[in-house]
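What follows is a short report on a single structure.
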Amino acid sequence: MAVSRIVIENCAVATVDAHNTEYAEGHLVVNGNRIETVGPGPAPEGLTDVVRRIDGTGHLATPGLVNTHHHFYQWLTRGLATDHNLFDWLVALYPTWARIDEPMVRAAARGSLAMMAIGGVTLAMDHHYVYPRGAGDLTGALVGAARELGVRFTLARGSMDRGTSDGGLPPDFAVETLDGALAATEEAIDQHHDPAPDAMTRIAVAPCSPFSVSTELMRQGAELARRKGVRLHTHGSETIEEERFCKELFGMGPTDYFASTGWLGDDVWMAHCVHMNDSDIAAFARTGTGVAHCPSSNARLGAGIARVPEMLAAKVPVGLGVDGTASNEAGELRTELRNALLINRLGARRETALTTRQALRLGTYGGARVLGRHQETGSLEPGKLADLVLWRLDTLAHASMADPVAALVLGAPAPVTLSLVDGRPVVEDGRLVTVDEDEVARVTRGEARRLAEIARAL
Ligand SMILES: [Zn+2]
């Protein structure tokens with residue numbers, strides 16, 4: 001039975017379906033929280049229960065963008081340690097991060113989510129791994145912020161239990177115990193994970209990285225995820241230093257270490273995967289392990305260039321991530337479409353390394369695939385969830401480009417005229433409709449100052 005229909009017409013449409021079907025002028029009909037029809041020309045006549053009819057002239061409709069790697073709390077520590085590599089940057093920032101509390105995390109999550117939503121993200125994720133003792137209900141704050149903003153959300157419940165006294169990188173006071181981390185992760189799953197196909201909230205198990213987590217936490221974390229039927233996420237093969245660390249501590253490189261702890265599989269996705277040799281890529285392809293490619297963060301920290309063209313050729317699932325905003329201050333995904341394309345074309349004879357269509361696919365369907373949501377979202381097809389964006393391309397920034405996908409990927413960040421998540425508007429004419437953007441900015445500024453003051457007194 002019809003709930004209510006939204007009709008969008010007269011726009012270009014890039015469906016990002018299996019055939020990359022595009023319409024120079026087409027339509028979409030949304031019924032409740034699902035896409036009912038998508039096709040060329042105007043919408044079918046005689047539709048009932050139409051609550052809204054949108055003239056999309058001058059616009060491009062695409063699936064909503066999907067972000068596959070982020071750390072919301074870093075919204076409060078942007079623009080610091082700007083000339084460091086990963087390990088030095090982490091050591092510089094850990095003491096400040098270890099002082100976060102619930103109001104700070106809530107504010108940072110609202111800021112991060114607001115920025116992403118304004119830029120066309122409809123499915124967000126957060127990898128949160130800093131849980132200082134007595135900081136309050138950080139998981140509840142993160143999940144609550146996504147609900148308030150109206151964005152679909154995967155929370156990767158992170159953890160760290162390898163402090164400096166165990167040869168790890170984070171200070172001892174910033175880590176949890178093995179049992180404490182596992183119990184809190186299981187509690188997050190029990191409280192918030194929704195396995196339903198149209199779920200707004202999913203939880204994943206996400207120990208932080210080999211250099212901040214014990215082998216036992218990796219192993220038992222994988223067992224917990226599989227017992228609960230949730231996905232697994234961590235950082236992998238980000239830098240040369242990490243590779244050296246793994247070889248010294250475990251006698252093998254990161255991919256072999258992940259294999260030995262149960263961390264390769266089609267229910268796993270990893271951030272970065274910059275330093276991968278041919279056999280690492282083959283192992284990811286064989287097992288269906290996914291990759292969150294974060295081009296700006298990799299450039300900001302001088303980590304290197306991930307081998308995305310080779311991964312795609314081997315059929316490794318790849319999505320895009322902004323990474324935390326302490327290493328990607330912009331914190332929005334639409335610029336990552338362009339940055340992914342540009343960075344992957346660096347080097348000799350790589351002019352076809354990544355196409356504009358592949359870049360759009362990485363940021364939509366590819367992301368949904370690595371988050372395990374590609375059956376439900378990530379492309380514009382009848383029956384899929386109504387998570388979509390209408391990009392404005394008829395102003396000075398884009399109007400002279402005939403190819404709307406090239407305009408979106410290569411041009412300046414395109415304004416969002418409308419984004420729908422689960423059939424509900426989240427952005428209209430470039431402004432959030434679910435929260436007051438100026439209030440979010442004011443609160444995040446206050447919480448960032450409070451954290452900076454605490455850090456200064458250390
Ligand atoms: Zn990260």
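Just so it is clear, none of the values below were taken in a lab; they were calculated from the coordinates. The shown structure was predicted, so the numbers you read here are calculated from the model rather than taken from an experiment. Note that we place each Cβ from the backbone using ideal geometry, even for glycine, and neighbour counts take in every protein chain shown.
Near L182: Cβ cut-off under 15 Å, other residues only, Lys/Arg at +1 and Asp/Glu at -1. The net charge is -2. A Förster distance of 30 Å, applied to the separation of the beta-carbon atoms of D17 and S279, puts the FRET efficiency at 0.35. Full extension of the chain segment joining A183 with E216 gains 10.5 nm, where the gain is 0.36 nm per residue of separation less the Cα-Cα distance. Which one, A306, H275, T395, projects farthest toward the positive side of the charge dipole computed for the chain from Cβ point charges (K/R +1, D/E -1)? Farthest along the dipole direction, towards plus: T395. Selection among Y365, S379, L354 by position relative to the dipole of the stretch 314-379 gives L354 as farthest towards the positive end (Cβ unit charges, Cα centre). With q set to 0.25 Å⁻¹, the log10 of I(q)/I(0) for the stretch 342-440, from the Debye formula over equal scatterers at the Cα positions, is -1.27.
Ratio of the stretch 65-370's C-alpha Rg to 2.2 N^0.38 Å, to two decimals? Walk me through the numbers before you get to the answer.
Values: Rg = 17.5 Å, N = 306, 2.2 N^0.38 = 19.4 Å.
In units of the globular-protein estimate, the stretch 65-370 measures up at 0.90.
Figure legend: label point modelled 7 angstrom from the Cα of S4 along Cα→Cβ; residues of the stretch 21-46 with amide N under 20 Å from it are 28-37, 46.
Note on F72, F211, F173: ascending count of other Cβ atoms within 10 Å places them as F173, F211, F72, the fewest first.
The stretch between R286 and E45 holds 82.0 nm of extra length on full extension. This uses 0.36 nm per residue minus the Cα-Cα distance.
The C-alpha atoms of the chain define a longest principal axis, and helix 102-118 lies at about 40 degrees to it.
When you restrict to C-alpha pairs under 8 Å that are six or more residues apart and normalise by the size of the chain, the relative contact order lands at 20 percent. Pairs of Cα atoms under 8 Å, at least six residues apart: use those to get the relative contact order of the stretch 1-103, whole percent. The normalised contact order for the stretch 1-103 reaches 27 percent. Taking the longest Cα principal axis of the chain as reference, the axis of helix 437-456 is set at about 10 degrees.
Modelled spin labels at E148 and M401, positioned 7 Å past Cα toward Cβ, are 3.4 nm from each other. Relative to the longest principal axis of the Cα atoms of the chain, the long axis of helix 138-149 makes an angle of roughly 10 degrees.
Return the percentage of antiparallel bridges among DSSP beta bridges fully within the chain, rounded to the nearest 5 %.
Looking only at bridges with both residues in the chain, the antiparallel portion is about 45 percent.
Estimated from helical segments only, the mean residue ellipticity of the chain at 222 nm is -10500 deg cm²/dmol, where each DSSP H run of four or more residues counts as -39500 (n - 2.57). Packing-based ranking of 413-424, 153-164, 317-328 yields 317-328, 153-164, 413-424, ordered from highest to lowest mean Cβ neighbour count within 10 Å.
Charge dipole (Cα centre; +1 on Lys/Arg Cβ, -1 on Asp/Glu Cβ; no other charges) of the chain amounts to roughly 340 debye. Note on K228, K315, K247, K384: ascending count of other Cβ atoms within 10 Å places them as K315, K247, K228, K384, the fewest first. Here the residues V440, V30, V50, ranked from fewest to most Cβ neighbours within 10 Å of their Cβ, fall in the order V50, V440, V30. Given +1 at the Cβ of Lys and Arg, -1 at the Cβ of Asp and Glu and no other charges, the dipole of the stretch 133-254 around its Cα centre is 360 debye to the nearest 20.
Local charge for N10 was computed over the other residues whose Cβ lies under 9 Å away, with Lys and Arg +1 and Asp and Glu -1, and equals -3.
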